[in-house]
């Protein structure tokens, strides 16, 4: 028989898997009174939540529907403004080209060889100053021949007068012989005819002398052109002649080019919309890139009085004093002009403009508080405002804020 197990070494019993290690209290029993109270509490909470969420929305919706119904029967309210006249002066900056007041190319009037020249490019010359001299041997020979022809014509006159005097004395003699029967009548008539011829020869000789004198004077005047002179005061801008060069009378051989640059002329093209406003003696400011910080004061000297068919601009001349010759011919310049617009200009807010398939329009409130759309022509868009050229007279009430809901003939209420 085996010995009994020792108490210290006896195995402990294994607890079940769902054992928490402690005892739970007994479950509470839901009574009928407690269940009713819990249900009533839930219903109260749900009712309070429904009342706080739905009822305000329903009230707001009802108020909105009521406002819409009221608005459907009321006229739209609009704010109006009156067109304001603005200054009609318009500042323009136009490109221009600087040209000399006078400019010409000097050509020889006589043929010959250049003896010397006395002016070169950049030289300032005065009117009548000699620029070059030309030797004219052929012209000198023609002058000598013309003088000899004058001597010959004078001799011819003396001969014609002698023949005339002889014929007249012969006629007088025969006028005495014919009545005495010594000479026939035919001989007297012949002598009278010769006297008439002799008288005519004197007239021809006198005319030949006059022609010879005129020819000499022509050659003398032509000889004066052997000295090439400046036609006006200015600056020599080109010299194309050298000593010993053969020049021919005419425009085949240019000798010098002279330009007068005090004052200078600046030509600009003024646009069509302000061309009628250009007036002679109107002030102008001319600026050149090389002298950007210094404008040159000028005045409008003349206008073409017509628009160029290609550019629709009017050629305008501005004259600028140039005593120090700082402005050079051919420079590019900008001309600032302040010209009045030839028509009245009104200003309205840019928000009042309608721009659709019917064109540019504004909504005008007539005396009966009804909308009337008026077409307009915009002069200038400044962003916040618009300048109107035509379509308004300044007495209208313009709807300040354009709205697509407004229609022609619609009654509106003007906001005071």
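Just so you know, all these numbers are worked out from the coordinates, no wet-lab data involved. What you see is a predicted model, and the numbers here were worked out from it, not measured in a lab. Note that each Cβ is placed from the backbone with ideal geometry, even for glycine, and that neighbours are counted across all protein chains shown.
Quick one: compute the contact order of the chain, relative version, from alpha carbon pairs under 8 angstrom and 6+ residues apart, as a percent. All intermediate terms of the calculation are to be shown ahead of the outcome.
Details: 712 pairs, mean separation 96.8, N = 416.
23 percent.
Computed from these coordinates, which is mean projected area of the Cα convex hull in nm²: (i) 17.9; (ii) 74.5; (iii) 38.9?
Given (i) 17.9; (ii) 74.5; (iii) 38.9, the calculated one carries the label (ii).
Kindly give Rg over Rh for the range 93-223, based on alpha-carbon atoms, with the Kirkwood expression for the hydrodynamic radius. Provide the component values of the computation, followed by the final result.
Numbers: Rg = 29.3 Å, Rh = 20.4 Å.
When Rh is taken as the Kirkwood radius, the ratio is 1.43.
Report the calculated FRET efficiency for residue 344 and residue 285 (r = Cβ-Cβ distance, R0 = 30 Å), to the nearest 0.05.
Details: r = 27 Å, r/R0 = 0.89.
E between residue 344 and residue 285, to the nearest 0.05, is 0.65.
Relative to the longest principal axis of the chain, what angle (0 to 90°, nearest 10) does the C-alpha long axis of helix 137-180 take?
40 degrees
Name the most mobile residue of 166, 92, 139, meaning the one with the largest mean-square fluctuation, in a Gaussian network model of the chain with Cα contacts below 10 Å.
166
So for the range 137-222, averaging the separation of alpha carbon pairs under 8 Å that are six or more residues apart and normalising by length, what relative contact order in percent results? Walk me through the numbers on the way to the answer.
Values: 67 pairs, mean separation 41.6, N = 86.
Relative contact order, the range 137-222: 48 percent.
Can you give the FRET efficiency to the nearest 0.05 for residue 42 and residue 411, using r as the Cβ-Cβ distance and R₀ = 56 Å? Each step should come with its number before you reach the end.
On the way: r = 57 Å, r/R0 = 1.02.
It comes to 0.45.
Counting helices only, and only those DSSP H runs with n ≥ 4, report the 222 nm mean residue ellipticity of the chain as the sum of -39,500 (n - 2.57) divided by its residues, in deg cm²/dmol to the nearest 500.
On the way: 3 runs with 125 residues, N = 416.
Rounded to the nearest 500, the figure is -11000 deg cm²/dmol.
What FRET efficiency do you get for residue 84 and residue 403 if R0 is 22 Å and r is their Cβ-Cβ distance, rounded to the nearest 0.05? Display every interim value, and only then the final one.
Values: r = 22 Å, r/R0 = 1.00.
With R0 = 22 Å, the Cβ-Cβ based efficiency is 0.50.
Would you mind ranking 314, 410 so that the residue whose beta carbon has the fewest other beta carbons within 10 Å leads the list?
Working: 314 20, 410 15.
Listing 314, 410 from fewest to most nearby Cβ atoms yields 410, 314.
Tilt of helix 32-72 relative to the longest C-alpha principal axis of the chain, in degrees (0 to 90, nearest 10)?
It works out to around 20 degrees.
Considering the chain as a Gaussian network with a 10 Å cut-off on Cα pairs, which listed residue, 345, 300, 42, attains the greatest mean-square fluctuation?
42
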